[in-house]
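Inspection log for the structure reproduced underneath, given as structure tokens.
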Amino acid sequence: MLKLILLIVFVIIFAVLMLPVFILWLFIRDKGNHLVHRITQFMMRNAAKAYMFICGIKITAEGIENIPDGQALYVSNHTGIFDVAAAYACTKPLLSFIGKKEAKGIPVIGQVMAMMNGLFLDRGDLKQGLQVILKAIDNIKNGLNVWVCPEGTREKSGAPEELLPFHAGCFKIALKSDAPIVPVVIIGSRALFEEHKPWISSGRLKIRYGKPVYPKELTDEERRHIGEYFRNRMIEMIKEDK
């Protein structure tokens, strides 16, 4: 209970601290300036680290050396609410997340995502989905990195290797921009909250970055089944813990 209250307090304090940055964003958001993005991501990274430390959540990152110097598409599994915190805590390049449209209406979270060039996907609207893909391609070309969960929703079985089928559409972001694709697996997130919500538990959380895959390296067959290709690759990355 105490950790849940602490999370709420953290969000309130974060919102207050972000207010001047939000006002600045309102004035310069159409000018293509990444200043607000950098400030917001810096604050998100440190807030995530501080909260997890206080709550006894130990996070380890493996494969940091696999993070490319330039822009990339990061694809990860999604099992818990701490996935995004882990991503921000351990990934230094500027990240633009693609989230479901419902996230846009969540107080603080929706605004913060927008300040970091986040995109909101309506899974029931193919036309809007195409627009999101095109905007994500622009983000990569403009110096940002895009992070997406190709399962499209949170995996609920509890089995780490039971990834849902991947939506192949999101991989067009890399195929059209020629950006490398970095597979990422997050292990232990579900056990911190989803398995016993509404309580938050101490524990271990691991984020593992795989070697980047460059679109030109893929065979025609791998391109045709790119979702399944990366799903299998990430399942093997998860099994490395066993």
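The values are calculated or read from the model by the stated rules, or taken from the named source; none is laboratory data. Source: prediction; values computed, not measured. Every residue, glycine among them, receives a Cβ derived from its backbone with ideal geometry; neighbour counts consider all protein chains shown.
Are there any strands (runs of 3 or more DSSP E) wholly within segment 83-158 with 1 or more residues that are surrounded by fewer than 18 Cβ atoms within 10 Å (Cβ to Cβ) and at pLDDT below 95, and if so which? Break it down stepwise before answering.
Values: elements: 95-100, 119-121, 145-148.
Here the list reads 95-100.
Could you give me the residue pairs with C-beta distances under 7 Å whose first residue belongs to segment 70-95 and is more than 11 Å from Val185 (Cα to Cα), whose second residue is crowded, with 21+ Cβ neighbours inside 10 Å and of a type in the set (Lys, Arg) wherever it lies, and which are 6+ apart or on separate chains?
Here the result reads Gly80/Arg190, each pair linking segment 70-95 to a residue that is crowded, with 21+ Cβ neighbours inside 10 Å and of a type in the set (Lys, Arg).
Taking the options Asn46, Asn66, name whichever one is in contact (Cβ under 8 Å) with a residue 24 or more places away in the chain and either under 20 Å from Arg208 (Cα atoms) or small (Gly, Ala, Ser) (or both).
Details: Asn46 fails: in contact (Cβ under 8 Å) with a residue 24 or more places away in the chain.
Exactly one of Asn46, Asn66 is in contact (Cβ under 8 Å) with a residue 24 or more places away in the chain and either under 20 Å from Arg208 (Cα atoms) or small (Gly, Ala, Ser) (or both), namely Asn66.
Which of the residues that make up segment 191-200 are touching a residue at least 12 places away in the same chain (Cβ under 8 Å) and either charged (D, E, K, R) or touching a helix residue (DSSP H, G or I) at 6+ places or on another chain (Cβ under 7 Å) (or both)? Working first, answer last.
Start the filter on segment 191-200 by keeping residues that are touching a residue at least 12 places away in the same chain (Cβ under 8 Å), which leaves 191-195, 198-200.
Listed by number, the residues that qualify are Leu192, Phe193, Glu194, Glu195, Pro198, Trp199, Ile200.
Rundown of residues vs (1) in a loop (DSSP other than H, G, I, E, B); (2) more than 19 Å from the chain's Cα centre (by Cα); (3) surrounded by 12 or more Cβ atoms within 10 Å (Cβ to Cβ), yes/no style:
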position: Leu6; (1), (2), (3): no, yes, yes
position: Pro20; (1), (2), (3): no, yes, no
position: Ile23; (1), (2), (3): no, yes, no
position: Phe27; (1), (2), (3): no, yes, no
position: His37; (1), (2), (3): no, no, yes
position: Phe42; (1), (2), (3): no, no, yes
position: Lys49; (1), (2), (3): no, no, yes
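Mind listing just one residue for me: the one in segment 65-82 that is among the hydroxyl-bearing types (Ser, Thr, Tyr) and closer than 14 Å to Val146 by Cβ and, of those, surrounded by the fewest Cβ atoms within 10 Å (Cβ to Cβ)? Before the answer, list the steps.
First, pick out the residues of segment 65-82 that are among the hydroxyl-bearing types (Ser, Thr, Tyr): 74, 76, 79.
Right, trim to closer than 14 Å to Val146 by Cβ and you get 74, 76.
Numbers: Tyr74: 26, Ser76: 23.
Ranking the qualifying residues of segment 65-82, first place goes to Ser76.
Please enumerate the residues belonging to segment 178-190 that are in contact (Cβ under 8 Å) with a residue 40 or more places away in the chain and either out of contact with any strand residue (DSSP E or B) (no Cβ under 8 Å at 6 or more places or on another chain) or aliphatic (A, V, I, L, M) (or both). Working first, answer last.
Here is the first cut: in segment 178-190, the ones in contact (Cβ under 8 Å) with a residue 40 or more places away in the chain are 179-187, 189-190.
Residues satisfying the conditions are Ala179, Ile181, Val182, Val184, Val185, Ile186, Ile187, Arg190.
Would a scan of segment 162-169 turn up a residue that is touching a Gly at 6+ places or on another chain (Cβ under 6 Å), among the small types (Gly, Ala, Ser) and either buried (at least 17 other Cβ atoms within 10 Å of the Cβ) or within 27 Å of Met113 (Cβ to Cβ) (or both)? Before the answer, list the steps.
The initial filter retains those residues of segment 162-169 that are touching a Gly at 6+ places or on another chain (Cβ under 6 Å), namely 166-168.
Checking which are among the small types (Gly, Ala, Ser) leaves us with 168.
Filter once more, keeping what is either buried (at least 17 other Cβ atoms within 10 Å of the Cβ) or within 27 Å of Met113 (Cβ to Cβ) (or both): 168.
Yes: one or more hits.
If you take the residues in segment 120-136 that are in contact (Cβ under 8 Å) with a residue 24 or more places away in the chain and under 24 Å from Arg38 (Cβ atoms), which one is nearest to the chain's Cα centre (by Cα)?
Ala136
Kindly check whether there is at least one residue in segment 192-201 that is part of a helix (DSSP H, G or I) and at negative phi.
Narrowing segment 192-201 to residues part of a helix (DSSP H, G or I): 192.
Next cut, at negative phi only: 192.
So far as segment 192-201 goes, yes, one or more of its residues are part of a helix (DSSP H, G or I) and at negative phi.
Conditions: (1) out of contact with any Leu (no Cβ under 9 Å at 6 or more places or on another chain); (2) part of a loop (DSSP other than H, G, I, E, B). Val75 meets all but one. Number of the miss?
(2)
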